[in-house]
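Chemist: Got a structure for you, written out below as structure tokens; questions coming shortly.
The values are calculated or read from the model by the stated rules, or taken from the named source; none is laboratory data. Note that the structure is predicted; figures quoted are calculated from it, not measured. Positions of Cβ are backbone-derived with ideal geometry, glycine not excepted, and every protein chain shown enters the neighbour counts.
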């Protein structure tokens with residue numbers, strides 16, 4: 001197993017994908033949050049509560065949750081690359097116990113996901129606190145709470161990366177897998193929420209569970225307001241974490257079990 | 001250096017994909033110390049068989065073992081068997097060294113082996129170039145290097161000569177000869193029969209997923225024929241026929257054209273001596289080895305007698 005993890009790390013570090021991914025984390029975390037804080041949520045169209053309110057800070061951090069498709073896509077690309085470049089056969093020749101290969105990949109990519117999450121969270125925290133200080137705004141949440149929320153978002157990024165790995169192992173075709181993963185996380189879930197009845201499922205969908213982590217209710221509230229339906233209640237943060245954890249486990253199980261007996265041609 | 005070889009054994013192997021039977025009740029063995037050619041036209045089931053041998057494809061029924069064990073049960077799979085399938089199984093963004101280092105780690109083989117193989121297979125200069133720019137020849141070399149990482153005693157190579165130029169083929173023949181001489185078990189598949197003719201000791205011929213023939217190439221090919229050009233062809237043919245009756249050997253003389261005979265069962269010196277003894281003129285004597293291609297056509301069209309096609 002340590003052999004396999006060393007191999008997966010070598011595979012990961014041999015291309016520059018990981019550099020690109022961490023740059024993306026800094027751009028989305030520091031860049032996007034910094035820019036939004038600079039403009040101020042109160043100047044958005046439609047306007048959001050300002051940074052000096054709790055809702056305003058939660059909303060800003062909650063938007064970070066919507067960038068989860070990036071690590072998810074990275075996980076999908078990593079796993080499907082083996083099928084796309086036909087190295088899966090070589091890999092399974094060197095490691096015929098296939099579940100171990102996927103376990104090593106999950107462990108390796110969990111580390112990458114954590115690195116992504118930490119870069120995202122730390123640059124976001126730095127940007128938010130710096131901009132707030134520069135604008136002379138007192139944040140609606142104490143700094144330690146902001147950091148705790150960002151910590152939750154980091155962990156959510158690990159989960160999404162693993163969901164991406166699991167979906168990649170399931171679908172195998174790189175383009176198709178990317179379309180499904182990005183399509184669902186970027187648009188699919190929002191579209192689902194427009195269907196009356198189905199939108200009640202939102203709290204237990206990945207996006208809803210992620211929003212629960214930061215108690216980011218803006219999207220859910222806006223949706224129920226627009227549709228004139230009952231307010232969608234997000235899960236408590238701990239339950240949201242549990243739901244996300246279940247998604248990661250399911251994705252991991254898919255990744256471990258599916259390639260077991262499949263013919264590699 | 002390998003000392004004791006491992007036998008590869010395929011026993012009643014069958015693979016069905018829905019309605020299509022890719023491999024049907026196939027049995028053969030591959031012995032160590034020699035190069036065995038696994039031959040058959042495209043789509044005969046060679047690749048499927050080799051993938052079943054390495055556990056990549058699950059057989060519908062039957063077994064495939066290496067040294068008595070299925071591939072997946074080997075304690076050190078890549079240290080026992082080196083297999084090579086696809087000529088393009090590389091991440092285009094990886095260098096040759098990256099590729100080998102990934103699999104060296106995976107198989108638990110030392111990194112020194114990577115440098116060693118890059119030199120041994122003539123890839124040292126290309127070692128740090130990304131594989132996306134590799135030529136077919138370089139890809140085949142890198143493929144072979146990957147298979148050799150664990151210094152395996154068994155080599156299963158699917159179409160290793162595909163896309164190689166004559167120089168590359170000569171190089172490959174040298175490498176494979178050396179590997180077999182070390183006592184390794186070497187199975188190479190090919191649909192280009194002329195390509196492996198000078199290389200193989202044993203052959204396994206399949207067609208439509210079924211065994212056609214297996215055994216030492218020399219036995220399957222039979223003794224060479226002699227092509228005789230002579231202005232006295234008719235008399236010579238009659239003389240040969242008479243001498244055959246006296247010697248009691250199996251001898252066959254075919255008249256190929258005017259003044260041209262093909263003699264089976266007697267070698268060139270024998271024909272020359274006989275002609276001299278009877279004061280018959282011979283202008284040219286050519287020893288004709290059976291080509292693998294000819295043998296293959298004979299086998300698959302069923303013109304060969306059963307004893308030569310007998311499976312071992």
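Chemist: Test residue B:137 against the stated conditions and say whether it is more than 11 Å from chain A (Cβ to nearest Cβ) and closer than 21 Å to residue B:182 by Cα. Please lay out each step first, then the result.
Modeler: Working: more than 11 Å from chain A (Cβ to nearest Cβ): yes; closer than 21 Å to residue B:182 by Cα: no.
No, not satisfied.
Chemist: Same structure again: Run down B:45, B:40, B:33 and say which single residue is in contact (Cβ under 8 Å) with a residue 24 or more places away in the chain, within 13 Å of another protein chain (Cβ to nearest Cβ) and over 22 Å from residue A:258 (Cα atoms).
Modeler: The conditions single out B:45.
Chemist: Here's something else I'd like to know. Sort out for me the helices (runs of 4 or more DSSP H) sitting completely within the range A:146-259 that have 2 or more residues that are over 14 Å from the mean Cα position of the chain (by Cα) and under 19 Å from residue A:58 (Cα atoms).
Modeler: Values: elements: A:174-183, A:189-192, A:206-214, A:218-227, A:237-257.
Once the helices (runs of 4 or more DSSP H) in the range A:146-259 are filtered for at least 2 residues that are over 14 Å from the mean Cα position of the chain (by Cα) and under 19 Å from residue A:58 (Cα atoms), what remains is A:218-227, A:237-257.
Chemist: So which helices (runs of 4 or more DSSP H) stay within the range B:70-143 end to end and still have 2 or more residues that are surrounded by fewer than 18 Cβ atoms within 10 Å (Cβ to Cβ)?
Modeler: Here the list reads B:112-120.
Chemist: Hey, residue B:29 hits all of (1) in a loop (DSSP other than H, G, I, E, B); (2) touching a strand residue (DSSP E or B) at 6+ places or on another chain (Cβ under 7 Å) but one; which does it fall short on?
Modeler: (1)
Chemist: Now for a different question. Could you tell me which numbered condition residue B:207 fails, if it satisfies all but one of (1) more than 22 Å from residue B:142 (Cβ to Cβ); (2) modelled with pLDDT of 90 or more?
Modeler: The failed condition is (2).
Chemist: Given the conditions (1) touching a strand residue (DSSP E or B) at 6+ places or on another chain (Cβ under 6 Å); (2) part of a helix (DSSP H, G or I), and given that residue B:253 satisfies all but one, which numbered condition is not satisfied?
Modeler: (2)
Chemist: Looking only at residues that are touching a strand residue (DSSP E or B) at 6+ places or on another chain (Cβ under 9 Å) and within 14 Å of residue B:41 (Cβ to Cβ) in the range B:174-195, which one is surrounded by the fewest Cβ atoms within 10 Å (Cβ to Cβ)? Let's see the steps before the verdict.
Modeler: Looking only at the range B:174-195, we keep the residues that are touching a strand residue (DSSP E or B) at 6+ places or on another chain (Cβ under 9 Å), and these are B:176-177, B:179-180, B:184-191, B:193.
From what's left, within 14 Å of residue B:41 (Cβ to Cβ): B:189-191, B:193.
Details: B:189: 25, B:190: 23, B:191: 16, B:193: 21.
So the residue we want is B:191.
Chemist: Take the range B:53-63 and flag every residue that is buried (at least 22 other Cβ atoms within 10 Å of the Cβ) and more than 9 Å from chain A (Cβ to nearest Cβ).
Modeler: Result: B:53, B:59.
Chemist: Which residue, of B:183, B:150, is in contact (Cβ under 8 Å) with a residue 60 or more places away in the chain and closer than 22 Å to residue B:89 by Cβ?
Modeler: Being in contact (Cβ under 8 Å) with a residue 60 or more places away in the chain and closer than 22 Å to residue B:89 by Cβ holds for just one of B:183, B:150, which is B:150.
Chemist: Further question: Are any residues in the range B:109-133 within 13 Å of chain A (Cβ to nearest Cβ) and in contact (Cβ under 8 Å) with a residue 40 or more places away in the chain, and if so, which ones?
Modeler: Once the filter is applied, which keeps residues that are within 13 Å of chain A (Cβ to nearest Cβ) and in contact (Cβ under 8 Å) with a residue 40 or more places away in the chain, the range B:109-133 yields B:109, B:131, B:132.
Chemist: Next up: What's the total number of residues in the range B:96-108 that are in contact (Cβ under 8 Å) with a residue 24 or more places away in the chain and either at the interface with chain A (Cβ under 7 Å from one of its Cβ atoms) or under 26 Å from residue A:1 (Cβ atoms) (or both)?
Modeler: The qualifying residues number 8.
Chemist: May I pose another question? Limited to the range B:256-300, what total is found for residues that are touching a residue at least 40 places away in the same chain (Cβ under 8 Å), outside any helix (DSSP H, G or I) and in contact with a helix residue (DSSP H, G or I) (Cβ under 9 Å, 6 or more places away or on another chain)?
Modeler: Of the residues in the range B:256-300, 12 are touching a residue at least 40 places away in the same chain (Cβ under 8 Å), outside any helix (DSSP H, G or I) and in contact with a helix residue (DSSP H, G or I) (Cβ under 9 Å, 6 or more places away or on another chain).
Chemist: Exactly one of these conditions fails for residue B:83: (1) at pLDDT below 95; (2) within 30 Å of residue B:132 (Cα to Cα); (3) within 12 Å of another protein chain (Cβ to nearest Cβ). Give me its number.
Modeler: So residue B:83 meets the others, but not (1).
Chemist: Another question, then. Considering only residues that are under 18 Å from residue B:136 (Cα atoms) and assigned to a loop (DSSP other than H, G, I, E, B), which ones fall in the range B:162-199?
Modeler: B:162, B:163, B:164, B:165, B:191, B:192
Chemist: OK, next. Sort through A:103, A:148, A:134 and tell me the only one that's closer than 24 Å to residue A:162 by Cβ and out of contact with any helix residue (DSSP H, G or I) (no Cβ under 8 Å at 6 or more places or on another chain). Before you say what the answer is, go through the steps one by one.
Modeler: Working: A:103 fails: out of contact with any helix residue (DSSP H, G or I) (no Cβ under 8 Å at 6 or more places or on another chain); A:134 fails: closer than 24 Å to residue A:162 by Cβ.
Sole residue among the options that is closer than 24 Å to residue A:162 by Cβ and out of contact with any helix residue (DSSP H, G or I) (no Cβ under 8 Å at 6 or more places or on another chain): A:148.
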